[in-house]
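A short worksheet on the structure shown next.
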Amino acid sequence: MAKQNYLPTRKDELDTWEEVFHTNVEADALTLGFDAAEITALKNVISEHRTTFSEMESKKAEKKAAVEANDIKEKATRDAIRAAVKRMKAHPNYTTEIGDGLGIEGPESVLDPPNMKPSLTVSLEANQPIIDFKKEGLSGISLYRKRGEETAFTFLAKDTYPPYLDSEPKISEGQPEAREYKAFFLDGDDEVGLESDVVKILVP
């Protein structure tokens with residue numbers, strides 16, 4: 001018998017489906033031979049899952065807000081330090097000994113966003129692709145994906161806190177799926193620089 005795919009594969013869609021099922025199941029299950037204890041147990045399982053889903057979504061939102069707040073503070077701190085160091089090095093009393101003590105000796109790397117190119121790596125964790133990268137002094141990456149029989153890359157996400165977990169279900173469950181990823185750097189919220197090389201992985 002063919003499997004009936006009435007359960008959504010996307011987590012958010014499944015939560016909506018579970019809400020409707022939880023609301024309507026009691027009367028119909030009684031008609032279909034379930035006793036009160038069985039119905040209560042089923043509804044409890046659904047409620048517990050919807051609670052953990054809600055907590056997971058809340059943690060995602062908290063993480064995103066925390067990362068964005070940190071990025072703002074990091075930029076302000078870097079700007080303040082650079083300005084202070086520039087002033088220090090211009091002072092007639094500045095010496096390399098002072099600079100060594102403060103860790104400010106040596107040339108500072110200069111960012112060149114228009115010519116920077118992300119370097120991606122991809123691996124599997126619990127059969128879900130994890131895309132890792134280094135920010136190289138910029139804000140993060142804008143990530144694109146192509147999967148299965150798709151012929152073009154489509155935007156997946158902006159990520160400022162590596163690595164990125166691609167938890168979206170496969171197009172056809174039970175079938176291996178090829179996935180490809182590429183990215184651009186982000187300077188603030190804007191894409192900059194050169195397109196990364198494409199990385200590929202097979203999701204079993």
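The values are calculated or read from the model by the stated rules, or taken from the named source; none is laboratory data. Because the structure is a prediction, the values reported are computed rather than measured. Positions of Cβ are generated from backbone atoms using ideal geometry, with glycine treated the same way; all protein chains shown enter the neighbour counts.
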query: When Ser167 is evaluated against the numbered criteria (1) modelled with pLDDT under 95; (2) in contact with a Leu (Cβ under 6 Å, 6 or more places away or on another chain), which criterion, by number, is the only one it fails?
result: (2)
field: Given (1) under 30 Å from Asp166 (Cβ atoms); (2) part of a helix (DSSP H, G or I), number of the condition Lys89 does not satisfy
entry: (1)
task: State whether the residues of the range 100-116 include one that is hydrophobic (A, V, I, L, M, F, W, C) and touching a Lys or Arg at 6+ places or on another chain (Cβ under 6 Å).
output: no
field: Residues within the range 20-67 that are acidic (Asp, Glu) and surrounded by 14 or more Cβ atoms within 10 Å (Cβ to Cβ), tallied
entry: 1
field: When residues of the range 131-186 are limited to those that are among the β-branched types (Val, Ile, Thr) and closer than 17 Å to Leu120 by Cβ, the one surrounded by the most Cβ atoms within 10 Å (Cβ to Cβ)
entry: Ile141
Matching residues in the range 1-58 - criterion: being among the small types (Gly, Ala, Ser) and in a helix (DSSP H, G or I): Ala27, Ala29, Ala36, Ala37, Ala41, Ser47, Ser54, Ser58
statement: Checked the range 153-200 for anything within 17 Å of the chain's Cα centre (by Cα), more than 19 Å from Lys60 (Cα to Cα) and among the aliphatic types (A, V, I, L, M); matches are Ala183, Leu186, Val199
query: Is the range 89-97 home to any residue that is touching a residue at least 12 places away in the same chain (Cβ under 8 Å) and more than 30 Å from Asp190 (Cα to Cα)?
result: yes
statement: Per the filter on the range 76-90, residues hydroxyl-bearing (Ser, Thr, Tyr) and more than 17 Å from Ser139 (Cβ to Cβ) are none
